Each structure stands twice: as C-alpha cells, then as structure tokens.
There are 2 protein chains.
Amino acid sequence: MTVVTPGEHIHFSRDEFAARRARTLAEMQRRGLSTLLMFRQESMYWLTGYDTFGYVYFQCLVLTDDGRMVLLTRAPDRLQARFTSIVEDIRIWVDGPDASPAQDLRDILRELGRAGTTLGVEWEAYGLTARNGQRLSAALDGFATLDDASDLISRLRVVKSAAELEYVRRAAALADDALDAAELATAPGAFEGDILADMQSAVFTGGGDDPANEYIIGSGPGALMCRYFTGRRHLDADDQLTLEFAGAYRHYHACLMRTFLVGHADPRLIDMHAACTDALLAAEAALRPGDPVGAAFDAHARTLDARGLREHRLNACGYSLGTTYAPNWMDWPMLYAGQALEAQPGMVFFIHIIVFDATNGLAMTLGRTSLVTERGSESLSRGSIELVQK
Amino acid sequence: MTVVTPGEHIHFSRDEFAARRARTLAEMQRRGLSTLLMFRQESMYWLTGYDTFGYVYFQCLVLTDDGRMVLLTRAPDRLQARFTSIVEDIRIWVDGPDASPAQDLRDILRELGRAGTTLGVEWEAYGLTARNGQRLSAALDGFATLDDASDLISRLRVVKSAAELEYVRRAAALADDALDAAELATAPGAFEGDILADMQSAVFTGGGDDPANEYIIGSGPGALMCRYFTGRRHLDADDQLTLEFAGAYRHYHACLMRTFLVGHADPRLIDMHAACTDALLAAEAALRPGDPVGAAFDAHARTLDARGLREHRLNACGYSLGTTYAPNWMDWPMLYAGQALEAQPGMVFFIHIIVFDATNGLAMTLGRTSLVTERGSESLSRGSIELVQK
C-alpha cells in the first residue's frame, strides 16, 4: 500500500509557491505586519496548496515575516495537509466541551515570538464565523495589535499566473462541455434533475471539481431565480430554463449562464435575448487593461437601460473568478457601479446579463467568462451565445 | 408565462411553519429575547422555507416576539425569497462602495421598536463572517443588548417532525442509490471522476440536491483522507477507495461511508473492516433515547481501542444530520467524548468509523445514518455493510 508523502499532491511547482510567498511577505512588510493569520481557504490553497473543507471548523494558517508557516487544524486534516500542501509544521486542536483553539493559536503565536507585534487577520472568511472571531479577539486581547488583512492575498490572487491560466482554460472547457450536455438534455417534459446530472457528469468525468456553490437551475417561475433552490420539476411543453454553472478545475472556476426556450417562444423573450447579447458584448468591450472594472457594469447598464430594461436588471453584472471554496464561487471584486479596481492582464471575470420581468414572468440571461489581455478581453468559452430554442 | 406566486415553492405546510414559529417564540420568551436575528440559512429554511445561497453576503432574517418576520437581503434574492418562503416583508440593500447593511438592519430594528431591548444573535453562522460580525456589533452598540442565540433554532431542529423524516428517508434512499452506483463503477483502472459522476447522478436524477460539502473520494494514498481534494486519479490494479457521501433531499442529508478494496486485499484491511463493523454496531447500539449521545463515541472508541487501533482512530465518530447548507453537512451536535446532549426519538445521526494507519498506508472506513426511535436506533440504509472487494 502507498504511504502518504509530504506535498505529493500539490498542483503548482515549489518555485511558484516560493514566489507567491515572497510577494505576500513583501506586502506584509509594506503594511507593517509581523504575521498574517489566514482563515480563508482560498488563501491557504494559493500560498501552500492546502486543499480541504476543514475550514468549516476553526482553522488558521500562520505566516510570519521570516517566511515560517504553521497550520492549526483538527485531527481529520493532519494527513490532508501533509498530502496536499507544502506546510510542514501542523498543530492539532482536539474536539471537546472545553476546546479553545483560539487560545491554542495564541500559544503558538507566543512561541513564535509574536507578542506585542502587529498581526494581519483575515476577518472576512466563511471559516471564521463571527462567534469564532469574537473568541479570537478575546484570546489576543492585550497580546498583539490586530489589523484587518482580509484583502491582502485576495488582491494578489486576482491576477493569475501562466500556470493558473492553464487551469482556468481547463475549467472553461469543462463549462462548455456542461453547456453542450445541458443543450442536449433540454426538451419539453425533460426532468431538471436529469439535466443537472448530465451537466455535473461532464465536469466530473473531465477531471473537474464540485463548484463552490450549487449550479442554478430553474424552469417555469423558477427560471426567474438566480440562486439554487431544492425541488426539481419537469419542463412544460412551452417553457424557459435558466442555467448558471461553472466548470471547476483544480478549484479554478469558469462560469456560463443561459436561458433556453422550449416549445413556443414568446417574442418578448427573443427581444430580451437580443438586448442581453448587446449588453454582454458591450460589457466585454469595456473590460480593458487600465480602466476601472466598474466600467463593464456601466456599459451593461447603459445598454439595458437604453432598451427600457432598467427595472428588470440587477445592481451587479458579474465578478472575478478564481479558486474560491464553498459556499461561494463569486470572487473579489464584484462588478458594480463605482468599482474602481483597475483591470490588468491575467484577471478573469464572469460577466452575466440577467433580465427578469417578474410582472410578466419572463426570464432571459446570458453570461460567460473572459480573460483580461494586454489589449482588451478574450472570451474563454467556445460556446455560441445565440438563443437556444428546443 | 408563469408569474411567481408568493410561497408557491414551500415544502412544508403552513401549519408546520406556524408550529415551528410558536416553538421558537416560546424559547425566545424563556431566554428573555425581544427579537431573534438569524444568519444561519438552515434556521431561515426551517422557520420559513427560505432557500438560497444568498447568505454568502450579509443577510438577516428578523423574528420579533410578536411573530413578525422581516428579511434583509440583496436584490438577487428578492424573488427567491418570495418564491421559496412564507416571508412577506422583504427589504433590499444595494451593493456599492458605501453599502452598510448592518446599519440598514439597525434602522429596521428601530422601526420595529427594538431599541433598548435584548436581541438574540446567531453569531455562529458561515453567513456572518467575523468582519460582518464586527460591523453588526458596531452598528448595534448602544442600541440594544446582544445575546448569543446561535444554538436556539439548532436545538429545536435537532429533533425531526414526521414530515421532515419523510424527506430524511428519501435522502437515505438516494444515498443507497449512490452507493450502488459507486460499487458498480469501481474496478481496477477505473477513473475516480467517473465514479463521482455516477454517484452524483444517482442523487440528481432521483430529485435530490447537491450535498452541503463535497463528496469525499480518494484512492491510493488519497484513501487516507477524510476531506475532498482536487485532482482525480485512476485506481491501481490493487487499491483501496474511500468514499464518504450524502443523499440530499429538500436539503435533508443522509450519509454513508465505505472503503472498497480493489484487486489483492491486504489481510490487515480485512481485519480492520471487522473492527469497523464491530465499532459501528456498538456505537449504534449505544444510541438510545435518554442516554447522552456521547455514549456512541465511547462505544466506538472502546471497541477500536480493544483491537489496538487507538492511535489510528479520530476524536469524533459522527454528528447529527439535517438541513445544513454549504460548506458543511455536519450538523450540531458532534459525537465526541463528553457530548452530554440526551438522545431523543426523531434525532438523526451519521456514525462513521474511520481507521487510518498512516505508517502502513492502510485505510478502512464504515459509516451509515441512523434514526433514534422510542426503543433504540434504526439504520436508515438498506445497503450491506459487508466488505466490498472488486
């Protein structure tokens, strides 16, 4: 039988991890942080390869300004960390009525000589609930100064390396495979659960991962939802089917969104599709290096508003994509009015155009993922954006 | 086209929701709370049917002691809340650089006459990150007294109603379907991604949901992991395959866990399977109404320790199951030493026996879901717990 070798299941070279660590240390120095306390799993994955959903309980990766890393987690993740990451120093806290991992963390920080220094903390993390945050604050009260560093690694992650973009392109190909499967399975009377099964199978059989949130699927009135909900139905003879989904590969996401029409097509939906197409292309054209990424939102909004669809659109039209973990594939930043971050080559954005006319029960959507390049943006999808009618 | 009717997609009767609300109000009164601020999606789903992953951003369901409910969420969830829940009063906060939903929440609470009262808060919620928790504390500082009420609804949810148990049994049947699919697909050389696709398809085609965390799958050294990790492989001629997975129906989970052997079987693994079987049956026998649920852990530990497997077992052997949302299907409480909660009829527990011998690279696991009954516990799985060798 095969024994677990440390770091045997990492997906980037040790050189790439070293470069990421160097960039992180430089940014910590710039911000005057002696230490970074990571609670975002995406940060841990990016920095070390550590791949788990163990962040559902208290878990922290510590990086000190001399480059040392210590992971504090529970026993089920000891081997997982050894297998999937380059972290060597793994400490375990034990479940029990009196467990206090925040105090265990303070003891580790004391051992590392961090008393009296300024620590950066990823407070914005699903893995650090408000209650655990309060316990952490209490444990470190008087021990060190705490600065919010939730954005530190997110800002480094937002521009992808060449190695990362290979995975992004694999993810985009898997999303297209799922789109093909969905189109094939959609027909009057088809069961939504069968469509979902074929889409997810296309990703899994292609070596991909679960998405960081559920695929969105809904027909009939459910076509006007842009979140997953339980309770699958069969399509009507005349129907609309909204799908928002991701190919995920090495946890990198590439998303697509479509509304298919089944049976008789309401002419208003055909008009709405034309408006969505214009808005998508306008937003993609506005995604240019050097411009604020909020310009993509503005272009989408201008296009839809000029078509009289202002009251049927949303306040955001997409977001960055990367190696997010559940419950959310929406990475930072979101595309909304006033989003000032400057677009740079290597950024990846999902742009979705969503038009829901609740009064008349009409839904139309269109979305795909683009890479910011030196000269503009490039769609990563091979799929057609023509209206699908079955 | 079909227009969205309020509450048209709820999965329990309005009478059942009314009874749940009455129990919640009684418990709030007992604790001296004027209001409950819910941030746990499972609480919102249980109390109102509201079904979304919109909790990835700031979102709160308010319940006042006169039974009034107000939901504060983002625009993408306005229709979702109308469609899936019985909540009528839905307020929206708007994305933007200056958005401050915690202050919007305070304004709502002032409007509801809650100033100067004691509010119960679900601080322990993935949807309420530590940073949003800090913002909430700041917004409510001096406005009201805040009590931790994270456990209030979890303690009510832990005992399932007859209607809930119908969904639990559907979930258990879907888990068995996934087990059958896995057994069929497992063979020397099989691709893990194909096995995963067949398992998830069994659940989706049966009308089920995504699990609240990824299925665990690993072979070779990966068989010793009990978390999902990216990067699927083909099974060796002689191999071990660990699977931990859930059927999910209306978001109710029923879990199973197995390690299959492929090709030549190491006799030590056959011994470990016998130990796991004894430990599982001992733990199930210890799950009796009136006894602390920690007794199941003790029985499992005693059995494995007597076989010399103490250093290869974990500090917990399962947990309650219910309508949890991503990123975690592990509901409260966990089965570990000293867990004092008394077992009651209607509770549902997943018991998993996990034995990982890292020194020799050997993995064996066995787990299934049981319902506590009037006289003891009942396995909800029709699947065999015999060792599977392919």
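Figure legend. Inter-residue proximity from region B:1-22: first residues surrounded by fewer than 12 Cβ atoms within 10 Å (Cβ to Cβ), second residues assigned to a loop (DSSP other than H, G, I, E, B), beta-carbon distance below 7 Å, spacing 6+ or different chains. Indicated pairs: B:R14/B:I86. Of all residues in region B:168-190, those satisfying the criterion of being assigned to a helix (DSSP H, G or I), crowded, with 22+ Cβ neighbours inside 10 Å and either among the β-branched types (V, I, T) or within 13 Å of chain A (Cβ to nearest Cβ) (or both) are B:V168, B:A171, B:L174, B:A178, B:A182. Go through the residues of region B:149-156 one by one and say whether even a single one is under 30 Å from A:A130 (Cα atoms) and of a type in the set (S, T, N, Q). Looking for residues that are under 30 Å from A:A130 (Cα atoms) and of a type in the set (S, T, N, Q), one finds at least one in region B:149-156, hence yes.
Would you mind finding the one in A:G207, A:G193 that is buried (at least 17 other Cβ atoms within 10 Å of the Cβ), at positive phi and within 12 Å of chain B (Cβ to nearest Cβ)?
Details: A:G193 fails: at positive phi.
Among A:G207, A:G193, only A:G207 is buried (at least 17 other Cβ atoms within 10 Å of the Cβ), at positive phi and within 12 Å of chain B (Cβ to nearest Cβ).
Scan region A:290-309 and tell me whether some residue there is part of a strand (DSSP E or B), crowded, with 22+ Cβ neighbours inside 10 Å, in the same structural domain as A:A223 (by TED's automatic domain parsing) and not basic (K, R). So far as region A:290-309 goes, no, none of its residues is part of a strand (DSSP E or B), crowded, with 22+ Cβ neighbours inside 10 Å, in the same structural domain as A:A223 (by TED's automatic domain parsing) and not basic (K, R).
Just wondering, is there one or more residues in region B:104-120 that are on the phi > 0 side of the Ramachandran plot, surrounded by fewer than 21 Cβ atoms within 10 Å (Cβ to Cβ) and at pLDDT 95 or above? Quick ask: steps written out before the conclusion?
Residues of region B:104-120 that are on the phi > 0 side of the Ramachandran plot, as a first pass: B:113, B:116.
From the residues that got through so far, the ones that are surrounded by fewer than 21 Cβ atoms within 10 Å (Cβ to Cβ) too are B:113, B:116.
Adding the requirement that they be at pLDDT 95 or above leaves B:113, B:116.
Yes: region B:104-120 contains one or more residues that are on the phi > 0 side of the Ramachandran plot, surrounded by fewer than 21 Cβ atoms within 10 Å (Cβ to Cβ) and at pLDDT 95 or above.
Here B:I217 fulfils each of the conditions (1) surrounded by fewer than 22 Cβ atoms within 10 Å (Cβ to Cβ); (2) touching a Leu at 6+ places or on another chain (Cβ under 7 Å); (3) hydrophobic (A, V, I, L, M, F, W, C) apart from (1).
Evaluate the following for A:R131: is it among the charged types (D, E, K, R) and in contact with a Phe, Trp or Tyr (Cβ under 6 Å, 6 or more places away or on another chain)?
Yes; evaluated as a whole, the condition is true for this residue.
Looking at region A:287-302, can you tell me whether even one residue there is touching an Asp or Glu at 6+ places or on another chain (Cβ under 8 Å), more than 10 Å from chain B (Cβ to nearest Cβ) and among the β-branched types (V, I, T)? Yes: one or more hits. Looking at B:G231, B:G218, just one residue is in contact with a helix residue (DSSP H, G or I) (Cβ under 9 Å, 6 or more places away or on another chain), over 20 Å from B:V388 (Cβ atoms), in the same structural domain as B:H264 (by TED's automatic domain parsing) and not aliphatic (A, V, I, L, M), and that residue is B:G231.
Restricting attention to region B:131-166 and to residues that are free of Cβ contacts under 8 Å to residues at least 12 places away in the same chain and within 12 Å of another protein chain (Cβ to nearest Cβ), the residue that is surrounded by the fewest Cβ atoms within 10 Å (Cβ to Cβ) turns out to be B:S137.
Return the only residue of A:A246, A:A274 being modelled with pLDDT of 95 or more and over 27 Å from the mean Cα position of the chain (by Cα). Full working, then the answer.
Values: A:A246 fails: over 27 Å from the mean Cα position of the chain (by Cα).
So the residue among A:A246, A:A274 that is modelled with pLDDT of 95 or more and over 27 Å from the mean Cα position of the chain (by Cα) is A:A274.
Considering only residues in region B:303-359 that are within 13 Å of another protein chain (Cβ to nearest Cβ) and among the hydroxyl-bearing types (S, T, Y), the one that is farthest from the chain's Cα centre (by Cα) turns out to be B:T359.
Screening B:Y228 on (1) more than 21 Å from A:F245 (Cβ to Cβ); (2) at the interface with chain A (Cβ under 7 Å from one of its Cβ atoms); (3) touching a strand residue (DSSP E or B) at 6+ places or on another chain (Cβ under 7 Å); (4) of a type outside the set (A, V, I, L, M) shows it passes everything except condition (1).
Criterion first (within 19 Å of the chain's Cα centre (by Cα) and surrounded by fewer than 24 Cβ atoms within 10 Å (Cβ to Cβ)) does B:R232 satisfy it?
On the way: within 19 Å of the chain's Cα centre (by Cα): no; surrounded by fewer than 24 Cβ atoms within 10 Å (Cβ to Cβ): yes.
Taking the combined requirement at face value, the residue does not satisfy it.
With respect to A:L79, is the statement that it is touching a Gly at 6+ places or on another chain (Cβ under 6 Å) and among the hydrophobic types (A, V, I, L, M, F, W, C) true?
Details: touching a Gly at 6+ places or on another chain (Cβ under 6 Å): no; among the hydrophobic types (A, V, I, L, M, F, W, C): yes.
Against the criterion (touching a Gly at 6+ places or on another chain (Cβ under 6 Å) and among the hydrophobic types (A, V, I, L, M, F, W, C)), A:L79 does not qualify.
Only one residue in B:L128, B:L25, B:L112, B:L33 is away from chain A (no Cβ under 14 Å) and under 25 Å from the mean Cα position of the chain (by Cα). Which one? Answer to the check: B:L25.
The values are calculated or read from the model by the stated rules, or taken from the named source; none is laboratory data. Please read all numbers here as calculations on a predicted model, not as lab measurements. Cβ: placed from backbone, ideal geometry, glycine included. Neighbour counts: every protein chain shown.
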